Every structure is written in C-alpha cells, then in structure tokens.
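Read the structure below first, then the notes.
The values are calculated or read from the model by the stated rules, or taken from the named source; none is laboratory data. Predicted model, so just to flag it, every value in this text is computed and none were measured. Neighbour counts run over all protein chains shown; Cβ positions are idealised from the backbone, glycine included.
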Amino acid sequence: MQHRRARPWSFRWILEHIASGFLLLGVIFVASIALTALIIAVEEVVILVIQKRPINTYSNIYGNALTTIFWHFLIIFISVGFWSALDTFIPLHTEKGK
C-alpha cells in the first residue's frame, strides 16, 4: 500500500492533521494513565517497605486522593503531550548540502 501525499491546505491534508491530533491525544492519554499508575505504585511500594504502612494520601483519609492523582496525571499529560506534539508537528531542521 502506497501512501499518497496530500497537497498542503487541501481538505484531505486538513483531515489528516486533525486525525493525527486525535490519535496523538489518545496515545498521550493512555500513556499518562499508565505512567500515573506506575508512579503511584512505586510510591506505595517504597513507603510500604520503608515505613511498613501504606501512604495516607491515596487512601482518601484526608479527602485529597483524587486531587493528588489528578495532579500526577495532569503533569505527566502536559509534559508527554508537549514533547509528542513537538516531535509530530514540528519538522526537523536539516541543513542543505549534508
């Protein structure tokens, strides 16, 4: 299967960029969920090994568990999304003649 390049600013070109954006957001969302779960699991295991008890933050004793998880997710989503968008939508600068 050969991929035909769309002319810049054609309807097909715009749809390809919109689809790329949606796919990128979906992948970033899934990656952020996985990394958030990994960070929380590592934090829980480290505290469990060191202090022999689970962390209170995620047990919702203080009522801030969802907020803490949301901030973990948001920071990861923004950082992964920024670098993914740069890699996807900004062309690599190459010198002519090399």
Tell me which of these SER32 doesn't satisfy, since it passes every other one: (1) within 20 Å of SER84 (Cβ to Cβ); (2) modelled with pLDDT under 80. (2)
Being farther than 12 Å from ILE69 by Cα, assigned to a helix (DSSP H, G or I) and hydrophobic (A, V, I, L, M, F, W, C) is the filter here, so list the residues in the range 35-55 that pass it. VAL42, VAL45, VAL46, ILE47, LEU48, VAL49, ILE50
Scope the range 45-67; condition of a type in the set (S, T, N, Q) and either modelled with pLDDT of 80 or more or over 22 Å from ILE33 (Cβ atoms) (or both); matching residues: GLN51, ASN56, THR67
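Which residues, taken from the range 68-98, are among the small types (Gly, Ala, Ser) and modelled with pLDDT of 75 or more?
Listed by number, the residues that qualify are SER79, GLY81, SER84, ALA85.
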Hits in the range 10-34 - residues which are of a type in the set (Ser, Thr, Tyr) and free of Cβ contacts under 8 Å to residues at least 40 places away in the same chain: SER10
